[in-house]
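As structure tokens, the structure follows; a few thoughts come after it.
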Amino acid sequence: NAGVTQTPKFRVLKTGQSMTLLCAQDMNHEYMYWYRQDPGMGLRLIHYSVGEGTTAKGEVPDGYNVSRLKKQNFLLGLESAAPSQTSVYFCASSSQVAPQHFGDGTRLSIL
Amino acid sequence: ELKVEQNPLFLSMQEGKNYTIYCNYSTTSDRLYWYRQDPGKSLESLFVLLSNGAVKQEGRLMASLDTKARLSTLHITAAVHDLSATYFCAESPYGQNFVFGPGTRLSVLP
């Protein structure tokens, strides 16, 4: 069972470059989430979606954009990468009330 | 402001001992989640607590929820090395987004 798949797993960017992180889930979950985790810290919610075509801001949305054109996919975009966005990014999905299922993470370094 | 606090943040304990991790949250949410994260890995769901007084147990771990006190506990019984990990609690105040605590890094020493 694939569960939640994140692509890519690792990426190095230069300041000012753009990129898109892809999250795909095969559990037919309504809700999807993007988090960032910095060393020694918990997870902070960037954006989330409660259904196809809907998105909402989380705790730290600045510098990121998202889209959910298909129910199974949730894309996270960095338009102009900054060193402060160096982090591990986790995608998760869930159905109502149920716990979140997490992907393996994307380790992003911005030089 | 939505806030989830955990204590302790770091815990070093000997095998065979018991200990409790505390999670305080700020809203009147009746949903509380516990996750485990091994170093360099993703998060794994441990427990979902959905009502006041809920208690869940799995092996040496037991979680409980007191919504009136806005407190959840994760109790470790007779710790073993395999329980070494970081434990996060999270609340879901509106049933859609999640707010995570900072995590408790547990080391179980032989």
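The values are calculated or read from the model by the stated rules, or taken from the named source; none is laboratory data. Bear in mind that the values here come from a model prediction, so they are computed numbers and not experimental data. Ideal geometry is used to build each Cβ from the backbone, glycine not excepted, and the neighbour counts take in all protein chains shown. Surface areas here come from the heavy atoms of the whole protein model, side chains and all, with no ligands, DNA or RNA. Shrake-Rupley method; radii C 1.70, N 1.55, O 1.52, S 1.80 Å.
Among the chymotrypsin sites (Phe, Trp or Tyr not before Pro) in the range B:22-110, those located in a DSSP loop and surrounded by at most 14 other Cβ atoms within 10 Å of their own Cβ are B:Tyr94.
What is the antiparallel percent of DSSP beta bridges lying wholly in the range B:4-109, to the nearest 5? Just about 90 percent of them are antiparallel. The mean accessible area for residues of chain B, using a 1.4 Å probe and ignoring ligands and nucleic acids, is 49 Å² per residue.
Using the Cβ-Cβ distance between B:Met13 and A:Asp38 with R0 set to 25 Å, the FRET efficiency works out to roughly 0.45.
Distance between the modelled labels on A:Glu52 and B:Thr27, one decimal in nanometres: 2.7 nm (7 Å Cα→Cβ projection).
Calculated on the alpha-carbon coordinates, the convex hull of chain A measures out at 94 cubic angstrom per residue.
For a straight C-alpha distance cut-off of 30 angstrom, the lysines reachable from A:Lys71 (same-chain residues fewer than eight places away being disregarded) are A:Lys9, A:Lys57, B:Lys3, B:Lys41. Restricting the GluC sites (Glu not before Pro) of the range B:1-89 to loop positions (DSSP other than H, G, I, E, B) with no more than 16 neighbouring Cβ atoms within 10 Å leaves B:Glu1, B:Glu15. Between the beta carbons of B:Gln96 and B:Glu58, assuming R0 = 25 Å, the FRET efficiency works out to 0.45 to the nearest 0.05. Distance from the alpha carbon centroid of the range B:38-59 to that of the range B:70-105 works out to 7 angstrom. Given contacts defined as C-alpha pairs under 8 Å and at least six residues apart, what's the relative contact order of the range A:4-97, whole-number percent? Reported relative contact order: 36 percent. Summed over both chains, the accessible area lost when A and B associate is about 1500 Å², using a 1.4 Å probe. Interface residues of the range B:90-106, defined as those losing at least 10 Å² of solvent-accessible heavy-atom surface relative to the isolated chain (probe radius 1.4 Å), are listed as B:Gly95, B:Gln96, B:Asn97, B:Phe98, B:Phe100, B:Pro102, B:Arg105. Over chain B, the alpha carbon radius of gyration divided by the compact-protein estimate 2.2 N^0.38 Å works out to 1.01. The aspartates and glutamates whose alpha-carbon is closer than 19 Å to the alpha-carbon of B:Lys56, local same-chain residues fewer than 8 away aside, are B:Asp30, B:Glu44, B:Asp66, B:Glu91.
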